[in-house]
Amino acid sequence: MLHLCTWIGAYTLINMPKVFEDESQSRYCFYLSKTLREAVNLAREKTNYTSPISTLIRDLLIEYVKENDVSLRDVKQFGVSKYRQLQQEKFLVDEQNRSLRSELSRTRHDYENLQANLNNMISQGRIV
């Protein structure tokens, strides 16, 4: 496990979990970027680590929690709150999308009516 962590650490440490120092921010930030996923896959390949990635991430998270004196409850709560926040953002974006589609439909309808009126006026000779 340590050898595997060394490979991952050698490949990238940029996106590993970190504790925020500013109390106004969320306490923990976990982000598995494409680069880190590549590092994990490369490390698994080089060290013949056969367990699933989820097991590796769990083990790394447990080590991180022990090293940084945080509770798994804090980590879980952060994940739950982040998930809820993303659900709310998705709902708002969906509502905005629905509203914009409705407005676009009304605008398209108004344009078609104006076009029909213009064609009528041209055909009646009121506009040359």
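The values are calculated or read from the model by the stated rules, or taken from the named source; none is laboratory data. Not measured: the values here are computed from a predicted model. Cβ sites come from the backbone with ideal geometry, for glycine too, and all protein chains shown count toward neighbours.
One table, with the values for the structure above:
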| read-out | value |
| --- | --- |
| Filter result (within 23 Å of the chain's Cα centre (by Cα), of a type outside the set (D, E, K, R) and surrounded by 10 or more Cβ atoms within 10 Å (Cβ to Cβ)) within region 51-64 | 52, 53, 55, 56, 57, 60, 61, 64 |
| Enumeration of residues in region 111-128 that are assigned to a helix (DSSP H, G or I) and of a type outside the set (Ser, Thr, Tyr) | 112, 113, 114, 115, 116, 117, 118, 119, 120, 121, 122 |
| Selection from region 67-110 of residues that are among the β-branched types (Val, Ile, Thr) and not in a helix (DSSP H, G or I) | 70 |
| So residue 102, is it under 30 Å from residue 62 (Cβ atoms) and either in the same structural domain as residue 62 (by TED's automatic domain parsing) or surrounded by 10 or more Cβ atoms within 10 Å (Cβ to Cβ) (or both) | no |
| Unique match (being polar (S, T, N, Q), in contact (Cβ under 8 Å) with a residue 12 or more places away in the chain and surrounded by 10 or more Cβ atoms within 10 Å (Cβ to Cβ)) among 117, 68 | 68 |
